[in-house]
Structures are given as C-alpha cells and as structure tokens.
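Some notes on the structure that comes next.
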Amino acid sequence: MLSKTIEEALNNQIRIEAESSQIYLAMACWAEVKGLEGVSNFMYAQSDEEREHMLKLVKFINERGGHAKISQLAAPNVTFKSFKEMFEKLFEHEVYVSQSINELVHISLQEKDYATHNFLQWYVAEQIEEEAVARTILDKINMIGDDKGGLYLFDRDIENLTVTTAATKATE
Ligand SMILES: [Fe+2]
Ligand SMILES: [Fe+2]
C-alpha cells in the first residue's frame, strides 16, 4: 500500500513525464516543419518513450492501491531560435527530470517504502542514459555550428545515434 505522500509524489512525476512527452512532441513538429526529418523522427520517438515512462508510473500506482491522477499539463514551447537552442532545452529538461527522480528516491527512503525505492531504480538508470544522449547530441550540434552541410549529415545520422553508458545494461 502506498502512503499518501508517496502517492502524491508519484502522481507529480506522472505529470512531469506527460509534460516531457508533450515538450518532445512539440520539438518533433517544429523539426518536421523545418524539414529535418531525422531530427523529427528522433523527437517523435522520444515523445513516445516519455509516454511509456508515464504509463509505467500509472500502472505502478494503481497496482499498489493508489489512484493515478491525470492532470492538466503546462503548454510546451512550440518554436525555437535554432536546433542548438532546441537541443539545449532538451538537455536542460532531462537534467530537471533527473533532479525530480532523485527527489522521489529521497522521499521513498524517508517513507521507508522499499518497493517504490526499488521500482524507481529503473528511472535512475534511464535518466543517466537520457542525459548522456542529450549531452552527446549537444556536443555534435556545437561542433556543427552554423554549417548547413553539417546539419544535413546530422539529420541523416541522428536516428542511428546510440550511446552506451554504465547504466545501459541495467535498463536492458
Ligand atoms: Fe522520462
Ligand atoms: Fe527523458
């Protein structure tokens, strides 16, 4: 059984994952209208992943006697100055999500809820990976700068981008 504190904290994370999905969907749309098909496909896939993260939390709360509450979401940014800015925002957002997961882990320990603590380890490992991917993309974008040819190649290659981290094994 979940304590009210844990239930509320997990519900808050549901909102954050749902907002992440919306933020990345908006990025996918912007990239699509700008003609960067690879970036757009990559962001659509990221958006789907965030929805999976959300659903995993929904199921966990409901299965443990709580009630997953679907709430109103903040509207995402729909336009960006550049792809560099867009990927900076993506990286910043992943760092924010990691902080929020860390806070959740902290609360689960305070509440002595070891089942939730165990469940959250998947998210801890996932965030290491997501931050690493976002950082890798940002490094590449910084290398490209304003070079249109570079952006073309980047768009072609981003869908095959894989990053191996120490956490990769844990999330497989
Ligand atoms: Fe997520
Ligand atoms: Fe994420």
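The values are calculated or read from the model by the stated rules, or taken from the named source; none is laboratory data. Remember, predicted model here, so these are calculated numbers, not experimental data. For neighbour counting, all protein chains shown are included, and Cβ atoms are generated from backbone atoms with ideal geometry for every residue, glycine included. Quick note on the areas: whole protein, heavy atoms, side chains included, nothing else; ligands and nucleic acids left out. Shrake-Rupley method; radii C 1.70, N 1.55, O 1.52, S 1.80 Å.
Packing, taken as the mean count of other beta carbons within 10 Å per residue, orders the peptides 17-26, 127-136, 146-155 from highest to lowest as 17-26, 127-136, 146-155.
Taking 0.36 nm per residue of separation and subtracting the current Cα-Cα distance, fully stretching the chain between ASN12 and LEU109 would add 33.2 nm. Solvent-accessible area assigned to carbon and sulfur over segment 1-147 amounts to 52 percent, based on a 1.4 Å probe. Between the Cα long axis of helix 4-33 and the first principal axis of the chain there is an angle of about 10°, rounded to the nearest 10. The Kirkwood radius of the chain, taken over pairs of alpha-carbon atoms, gives through the Stokes-Einstein law at 4 °C and 1.567 mPa s a diffusion coefficient of 76 µm² s⁻¹.
Calculation over all alpha carbon pairs of segment 75-172 in 10 angstrom steps from 0 returns a P(r) of 14, 36, 30, 15, 5, 0 percent. Could you tell me how many degrees, from 0 to 90 and to the nearest 10, lie between the Cα long axis of helix 148-157 and the main elongation axis, the longest principal axis, of the Cα atoms of the chain? For helix 148-157, the angle is close to 40 degrees. Averaged per residue, the chain has 56 square angstrom of accessible surface, using a 1.4 angstrom probe with ligands and nucleic acids left out. Note on THR162 and ILE70: the model spin-label points, each 7 Å out from Cα along the C-beta direction, lie 3.4 nm apart. If a spin label sat at a point 7 angstrom from the Cα of SER100 along the line to its beta carbon, the backbone N atoms of segment 127-151 nearer than 16 Å would be those of 127-128, 130-131. Adding -39500 (n - 2.57) for every DSSP H run of four residues or longer, then dividing by how many residues the chain holds, sets the calculated 222 nm ellipticity at -26500 deg cm²/dmol. The charge dipole of the chain, taken about the Cα centre with unit charges on the Cβ atoms of Lys, Arg (+1) and Asp, Glu (-1), comes to about 280 debye, rounded to the nearest 20.
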